[in-house]
Amino acid sequence: MDDIETELNIAAAAADSSEDQSRRSSLKQVCVFAGLLTAVDFLKSNRKCLNLIREAMLRHNWPQAAGYFSSYIQTLETGTLSQVHSIASEIMWRLGTEILHHVPNSSPDDFNAFYEQLKNLGVRNYSKICLEHCFHLLLNGQMDEAKRQLSIADSWRYGKQSTAQSLMKKLIRAYCGYLDYLIWSEKMASAPGSEEAGSNREMHSYFRQASVTLKEIVSQPGVWDPFVLSYIHMLEFYEDEEAALQLLENYAYNKEFPSNPNAHVYLYQFLKRHQAPRVKLIGSLRILHSLVPSHELMLELCSLLLHTKQQSDLEEALTVSMDLLEFSSWKSDRKAWECLLKILKKLKKKKKKLRKVASASKSLFVTKFINDVKYRQYLLYFTVFRTGLKKYKLKTNNYSGILFKLSL
């Protein structure tokens, strides 16, 4: 509801009072007034109706909100300002769908009729409404009707194409391909075996339709995460690993695309699934570390670096581990501290000092800890803490707090 208020810029309602009660009864009469209104009268009654709808929605009185909303539609029918109609159509779209979702006993036919009515009110929002209608149909399992709605939106044109219309057109094309993928996925799930599914002509037909559309979309700069994943799923099913790898590398490394950490996550997961060399896995995660040093995959990066047995990689693993612990969400995480423990054990065996890494650390308590606390003191304390011996009476789960006490 707060999002709707912000989007529609509806003013806050006044506190309830006896005067407020009388105001409501008079306002309702204004809302249903069917005579010809001047521009000022129209705007005033429009605002009053919206306030009543807002109050009813805040109280979750959905039947009353539906009644006021019906009155609001009547006020629109008496207005003549095209600019007001354009804004009002979007208000109707957003408020109407929210009310319908909560009104008891609302049927799919009610939604379909409402969406069709909205499409005739505001041509500027036609494509958006078709797309949302498609989502609603998908939630109700009407995939064929959803595909028909997307086809209508894809072929719709109005006036000179603006930048916004061009972007919406591209998004609708992407969902057309995604819907073909969903149909393909359903066919694949219902197939008795993987071999029969691979040779199924109907499935292959949907694969061709989806792949042509999705390939065109994901090759253009943008953030296309769900469409990339669906396309990769199909390519892997038909064992076209080379095309899938090329797509993911372009999505992750192409400088024309916006910076997207998920692109590197998808690439790493693909490489891991297909048992790529450790060097490639580390290279992919290094870039992810530069973008999101707090990502959960940093624990896997540390593990990979520990297995290379190179001194430089061991020091890099320590840096990655400490970067992870800079973030409050990781400071009480057991796995993160156990990862640091493994690194320190390996460094202790090699008898290497950590001052070089400590000087680059941003965290005061980690830096002081590395510079002032001996390895054996930390290792002993951490081991005791991990085993939870009762005689030490350790009741805290805050690892960083323990280290802070040690560093004093």
- line: Sequence order, segment 271-276: Karplus ³J(HN,Hα) from phi using 6.51 cos²θ - 1.76 cosθ + 1.60, θ = phi - 60°, Hz rounded, Gly and Pro as x, gives 4, 5, 4, 9, 6, 6
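I want to check a number: in segment 158-302, how many lysine pairs have alpha carbons closer than 17 Å, given a sequence separation of 8 or more or different chains?
5
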task: Mind giving me the nanometre distance, one decimal, between the label points for W156 and N262, set 7 Å out from Cα along Cα→Cβ?
output: 2.5 nm
field: ³J(HN,Hα), Karplus 6.51/-1.76/1.60, whole Hz, each residue of segment 201-208, x for Gly, Pro
entry: 5, 4, 4, 5, 5, 5, 4, 4
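Can you pull the Kirkwood radius for segment 207-354, inverse mean 1/r over Cα pairs, to one decimal in Å?
Its Kirkwood hydrodynamic radius stands at 16.8 Å.
Values quoted throughout were computed directly from the atomic coordinates according to the rules given, and no laboratory measurement underlies them. Since the model is a prediction, treat every value here as computed from it, not as a measurement. In this analysis, Cβ positions are derived from the backbone assuming ideal geometry, glycine residues included, and neighbour counts consider all displayed protein chains.
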